[in-house]
Amino acid sequence: MEVIIRKNRIEARELTARLIADALRAKPNLVLGLATGRTMEELYARLVREHTDTGLDFSAVTTFNLDEYIGLAPSDPNSYRSYMNHHFFDRINIKKENTHLPIGVAADLNAECADYEARIKAAGGIDLQLLGIGKSGHVGFNEPLSAMRSRTRCKALTPETIAQNSPLFDNPSDMPKRAITMGVGTILDARRCLMLVTGADKAPVLAKAVEGPITSMISASALQLHPRCTVIADEKAAAALEQKDYYRWIFANDPEWEPYR
Ligand code: GLP
C-alpha cells in the first residue's frame, strides 16, 4: 500500500484525477471500477472538465460500479445508476452500453450478482478500481464481517451506513437497507486500486484501514493485501495516521512519483 497525503481536498482530488487520466491515456480501452458517494462528485466533475478541455477520450472505456441499492430501479433518482449518469456518464463520450452497475430490482438478485461477476471477467477484469471509504470501514458496501474472499452479493447495510447515506434521500426513511456490492475478493482482483479519502470525519477509520490489523470488521483493511493500492488522503483525513512522515518521505523520494510531485 502507498499513502499519499495532499494539503487539502482539492489537491487530493487533482492527483486522483491525474492518475486516472494518465491510466486512460496509456490504455484507451481501460476497464475502470467506479465508486459513488459525496467524495467522488468533485472527482467526476474534474474528469468531465478534462474531457471537455483536453478531449480525454472515454469512447473505448468499460466501467463497473461497486454497488447499487436493492429495491431502487435504475431510473430512480436515488439509484447509483442515476448518480453515475448525472455526475459522469451523461457528460462524457462513454458508450452507455459499456457502463455497468448491478440492477437492484432484478427478479433474481443472486443471478444478477453472478452475472455481474461474469461480466467483469468477460471484460478482462478491472484495470483500475476507484474506491472511497465509508465510516463503517466499508469499501463498496462491504460492511463489517464481509469475508475477505467475498464476491458480488447482497449485503445488509449497518445502522452507521444508513445514518451516513440516508440524508441524501429526499425522505431519509426511503433509503434501502440492503445493497448489491462487489465483494472484497472482487475488489482485490482489480489490477490497481486507488482510494480517495478526504475530510476529518474519515480520519479514525482511515487510520484503522491503513495502520490497523487486517480484519473483516474494517473491509478497507483488506487493501493491505493488494499488491498495487494507492491511498490518496487530504491532511484532515490523514490526521490520525501515525506514520505520516514516513509516507511523505516515500512520496518525496520514490522516482515513480516524480511526475506527480
Ligand atoms: C457509499 C458507497 C461507498 C463510498 C461511501 C463513501 O456508502 N457505497 O463506495 O465509499 O459511500 O461516501 P462519501 O464519499 O459520501 O463519504
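Throughout, read-outs are computed from the coordinates displayed, never taken from laboratory work. Since this is a predicted model, take the numbers as computed values, not measurements. Cβ placement follows ideal geometry from the backbone for every residue including glycine, while neighbour counts extend to all protein chains displayed.
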Within 12 Å, Cβ to Cβ, of Pro77, how many net charges do the neighbouring residues add up to if Lys/Arg are +1 and Asp/Glu are -1?
-2
Just the number: Rg to Rh for the chain, Cα atoms, Kirkwood Rh, two decimals.
0.94
Could you work out the relative contact order of the chain, using alpha carbon pairs under 8 angstrom and six or more residues apart, expressed as a whole percent?
25
Only loop residues by DSSP count here, and only those with at most 13 other Cβ atoms within 10 Å; note down the trypsin sites (Lys or Arg not before Pro) in the range 1-102 that meet that.
Lys7, Lys95
Ascending count of other beta-carbon atoms within 10 Å, so fewest first, for Ser82, Ser59
Ser59, Ser82
Please list, in chain and number order, the residues 5+ apart from Ile4 or on another chain whose amide H is under 5 Å from its amide H, with Hs placed from the backbone.
Val231, Ile232, Ala233
How large is ³J(HN,Hα), in whole Hz, for each residue of the range 204-211 in order, when computed from phi with the Karplus curve 6.51 cos²θ - 1.76 cosθ + 1.60 and θ = phi - 60°, using x for Gly and Pro?
x, 6, 5, 4, 5, 5, 8, 10
Enumerate the amide H contacts of Gln129 below 5 Å, restricted to partners 5 or more residues apart or on another chain; note that Pro and chain-start residues carry no placed amide H.
Gly33, Arg192, Cys193, Leu194
Below 11 angstrom from the Cβ of Glu42, what's the summed charge of the other residues (Lys, Arg +1; Asp, Glu -1)?
+3
Once phi is turned into θ = phi - 60°, what whole-Hz ³J(HN,Hα) does the Karplus curve with 6.51, -1.76 and 1.60 give for every residue of the range 53-62, x standing for Gly and Pro?
7, 10, x, 3, 9, 9, 5, 10, 7, 10
Which net charge results when you count Lys and Arg as +1 and Asp and Glu as -1 among the other residues whose beta-carbon is under 14 Å from that of Pro259?
-2
Using +1 at the Cβ of each Lys and Arg and -1 at the Cβ of each Asp and Glu in the chain, identify which of Ala190, Ala114, Phe64 lies farthest towards the dipole's positive end.
Ala190
Under a 5 Å amide H to amide H cut-off, with H placed in plane at 1.01 Å, what residues pair with Arg178 once short-range neighbours are removed?
Ile70, Leu157
Can you spot the lysines whose alpha carbon is less than 24 Å from Lys135's alpha carbon? Ignore those fewer than 8 places along the same chain.
Lys7, Lys155, Lys177, Lys202, Lys208, Lys236, Lys244
Out of the trypsin sites (Lys or Arg not before Pro) in the range 130-175, which ones are loop residues according to DSSP with at most 15 other C-beta atoms within 10 Å?
Lys135, Arg149
If every Lys and Arg gets +1 and every Asp and Glu gets -1 at its Cβ, then about the Cα centre the range 2-232 yields a dipole, in debye to the nearest 20, of 480
The range 156-173 - phi-based ³J(HN,Hα) in whole Hz, Karplus 6.51/-1.76/1.60, Gly and Pro as x
7, 8, 7, x, 5, 5, 5, 5, 6, 9, 5, x, 7, 8, 3, 10, x, 6
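For the range 201-261, which GluC sites (Glu not before Pro) pass both filters: DSSP loop (anything but H, G, I, E, B) and at most 12 other C-beta atoms within 10 Å?
Loop-located and lightly packed - Glu242.
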